[in-house]
Amino acid sequence: MEHRWSPRKPLHVDVVIHYPPLGLVRGTSRDISLDGMFVDTGRILIPTGETVEICFRPGEDGVQGHLHMDAEVIHASSAGIGLLFRDYGPDALLTLKTLLLGDPEGRVAELCRIKSLRSPAH
C-alpha cells in the first residue's frame, strides 16, 4: 500500500547522494513528489532506513539553483532507491510546489480540493 500524500511527476535529473559509508553516490531521478523521489543508483544499493543528504537541480535551466535536502531511504531494489524527504525548509517547499504544480502557492491543488467540495447543485 502506498502512503504518498502528493502526486508523482516524472523527473529525470542528475542526483548526488551523500551516504557517509560510501561517500558520494551519483544517480538519476525517475520521479518526484512533495514527499520524496525515486533515484536509479545503478548497482549501488543503500539500505532501507538509512539517512542520506541529496543534491539536485530541479530545473533544466538552472534558474532554480540546487536543492540540498535530507532524506530517508524507504525502499531499495535493483531498480534504485525510494527516498522520503526530511525536514526541508520553505525555500525547498516553494521550489517543489513550483516544479510539481506550476504554481509556487500551490493554487492548482487548492482549486482541485475546492472543486471536489462543491455540491452537485452548483
So, over other residues within a Cβ distance under 15 Å of Ala79, counting Lys, Arg +1 and Asp, Glu -1, the net charge is +1
May I ask you to sort Leu100, Leu24, Leu84 by Cβ crowding, counting other Cβ atoms within 10 Å and putting the fewest first?
Leu24, Leu84, Leu100
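Here, each number is a calculation from the coordinates, and none is a lab measurement. The model shown is predicted, which means the values in this text are computed figures rather than measured ones. FYI the Cβ positions are ideal-geometry reconstructions off the backbone, even for glycines, and counts take in every protein chain you see.
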